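The next block holds one structure in the form of structure tokens; read it before the comments.
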Amino acid sequence: MAFSEHAVQWSTMTALQREEAYSPSSCIGGNYQPFVDAYATQSAAARAEIGPGQEVAYGPQPTQTLDLFLPTLPPGDLAPLVVFIHGGYWQELSKSESSFAAPSWVERGMAFAALDYTLAPQATLPEIIEECRQAVRHLKNYAAELNLDPDRLVLAGSSAGAYLAAAVASEIPVLATLLISGIFELAPLVGTSINEALGLTENQAQQLSLRPPVGFPPSIVCWGENETTEFKAQSQALAADLMAQGTECQQYEIAGRNHFDVVFELCDLSTPAAQHLVSLVTH
């Protein structure tokens with residue numbers, strides 16, 4: 001199902017129906033705080049295991065930073081890099097809850113970056129997108145100083161972070177993307193409580209909805225089994241559009257996972273999605 005077909009589906013919903021369809025906690029009884037706590041706990045454990053990483057400022061604001069975790073490599077070698085962009089409807093979370101997968105990638109000889117950005121309503125969505133692009137430009141421009149390989153940079157994101165990863169990859173060349181349970185068509189959010197902090201008009205939501213350009217990098221699109229129909233449709237529509245334009249794209253529904261814990265697939269490099277991503281980086 002492409003985005004044109006998906007629009008027909010959500011456009012018949014009332015605002016109340018869209019509120020529920022775009023509230024992923026509706027599939028888990030409404031309380032997602034235990035998952036947020038798990039992000040924080042496991043991220044703290046990751047930093048205790050491999051060290052706090054290097055905080056890198058990509059802009060002048062306190063939120064314009066990222067935590068970079070580097071593997072031990074032979075002198076002169078440059079590390080491939082996975083940049084993870086967190087979700088939270090552009091309104092919650094931070095890099096402090098985003099390093100839980102770092103040990104798995106570092107042990108595989110790859111660097112891992114947990115990206116921070118200014119949250120809404122302190123920043124508009126276009127400003128958030130530009131911050132993420134600025135962060136990736138910084139990593140590529142200073143790759144040699146940071147012991148990174150700028151040609152092997154992968155963007156990963158979850159939920160709203162998947163949207164941001166795709167928005168960055170639409171403008172800046174990267175090796176691949178891993179888009180986990182993302183939201184890419186924004187118009188359904190208008191008229192829901194989700195949009196209160198974002199303040200998107202219908203026109204803005206349509207303009208900011210993701211339409212991947214020709215030349216978009218190879219991508220892995222995945223989502224949890226226990227998700228709302230609309231969140232599944234968002235990922236499926238993006239994958240359909242990517243494949244229709246000739247972009248290499250693999251899609252996976254992750255059994256037993258919901259919108260909040262599917263991101264922990266990043267920690268297990270034996271999963272099909274992670275193995276495919278590793279193959280793209282090491283090919």
| Given (1) buried (at least 24 other Cβ atoms within 10 Å of the Cβ); (2) closer than 26 Å to ASN195 by Cα, number of the condition LEU93 does not satisfy | (1)
| note | Here the residues within the stretch 235-271 that are part of a loop (DSSP other than H, G, I, E, B) and acidic (Asp, Glu) are GLU248, ASP261, ASP268
| said: Please go through the stretch 79-98 and give me each residue that is closer than 11 Å to GLY109 by Cβ and either in a loop (DSSP other than H, G, I, E, B) or in contact with an Asp or Glu (Cβ under 6 Å, 6 or more places away or on another chain) (or both), ordered by number. | reply: PRO80
| Is at least one residue of the stretch 213-232 assigned to a helix (DSSP H, G or I) and within 22 Å of LEU266 (Cα to Cα)? | yes
| field | Residues of the stretch 65-78 satisfying the condition of being assigned to a loop (DSSP other than H, G, I, E, B) and either aliphatic (A, V, I, L, M) or touching a His at 6+ places or on another chain (Cβ under 9 Å) (or both) | value | LEU70, LEU73, LEU78
| What tally of residues in the stretch 136-152 results from selecting those that are of a type in the set (A, V, I, L, M) and farther than 15 Å from LEU66 by Cα? | 1
| query | Which condition does ALA46 not pass, out of (1) surrounded by 17 or more Cβ atoms within 10 Å (Cβ to Cβ); (2) under 17 Å from PRO150 (Cβ atoms), if it passes all the others? | reply | (2)
| Selected residue [in contact with a His (Cβ under 8 Å, 6 or more places away or on another chain) and farther than 20 Å from SER98 by Cβ] from GLU196, GLU185 | GLU185
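Is at least one residue of the stretch 106-116 over 29 Å from PHE184 (Cβ atoms) and either part of a loop (DSSP other than H, G, I, E, B) or within 16 Å of the chain's Cα centre (by Cα) (or both)?
Yes, because at least one residue in the stretch 106-116 is over 29 Å from PHE184 (Cβ atoms) and either part of a loop (DSSP other than H, G, I, E, B) or within 16 Å of the chain's Cα centre (by Cα) (or both).
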| If you go through the stretch 167-183 one residue at a time, do you hit one that is acidic (Asp, Glu), within 25 Å of SER25 (Cα to Cα) and either under 18 Å from the mean Cα position of the chain (by Cα) or surrounded by fewer than 21 Cβ atoms within 10 Å (Cβ to Cβ) (or both)? | no
| query | Quick one: GLU185 ticks every box in (1) in a strand (DSSP E or B); (2) over 25 Å from VAL278 (Cβ atoms) bar one, so which box is it? | reply | (1)
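For the stretch 131-166, name all the residues that are under 15 Å from ALA57 (Cα atoms) and either small (Gly, Ala, Ser) or surrounded by fewer than 19 Cβ atoms within 10 Å (Cβ to Cβ) (or both). Quick ask: steps written out before the conclusion?
First pass over the stretch 131-166, keeping only residues under 15 Å from ALA57 (Cα atoms): 131-143, 145-146.
Those that are under 15 Å from ALA57 (Cα atoms) and either small (Gly, Ala, Ser) or surrounded by fewer than 19 Cβ atoms within 10 Å (Cβ to Cβ) (or both): ARG133, GLN134, ALA135, ARG137, HIS138, LYS140, ASN141, TYR142, ALA143, GLU145.
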| query | Do any residues in the stretch 123-149 that are farther than 19 Å from THR201 by Cα have Cβ atoms under 7 Å from those of residues that are at pLDDT 95 or above and charged (D, E, K, R), where the two are at least six apart or on different chains, and which pairs are they? | reply | ARG133/GLU171; ALA143/ASP149
| task | Please verify whether the stretch 61-71 includes one or more residues that are surrounded by 15 or more Cβ atoms within 10 Å (Cβ to Cβ), farther than 27 Å from VAL190 by Cα and in contact with a Pro (Cβ under 7 Å, 6 or more places away or on another chain). | result | no
| Residue match in the stretch 204-214 (condition: touching a strand residue (DSSP E or B) at 6+ places or on another chain (Cβ under 8 Å) and farther than 23 Å from TRP90 by Cα) | no
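Which one is modelled with the highest pLDDT, of the residues in the stretch 7-38 that are part of a loop (DSSP other than H, G, I, E, B) and under 13 Å from GLU185 (Cβ atoms)?
TYR22
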| task | Looking only at the stretch 240-255, decide whether some residue is small (Gly, Ala, Ser), buried (at least 21 other Cβ atoms within 10 Å of the Cβ) and touching a helix residue (DSSP H, G or I) at 6+ places or on another chain (Cβ under 9 Å). | result | no
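Residues checked against (1) under 20 Å from the mean Cα position of the chain (by Cα); (2) under 30 Å from ASP268 (Cβ atoms):
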| residue | (1), (2) |
| --- | --- |
| THR14 | no, no |
| SER23 | yes, yes |
| CYS27 | no, yes |
| ALA45 | no, yes |
| THR63 | yes, yes |
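The values are calculated or read from the model by the stated rules, or taken from the named source; none is laboratory data. What you see is a predicted model, and the numbers here were worked out from it, not measured in a lab. Don't worry about glycine lacking a Cβ; one is built from the backbone with ideal geometry, like all the others, and counts go over all protein chains shown.
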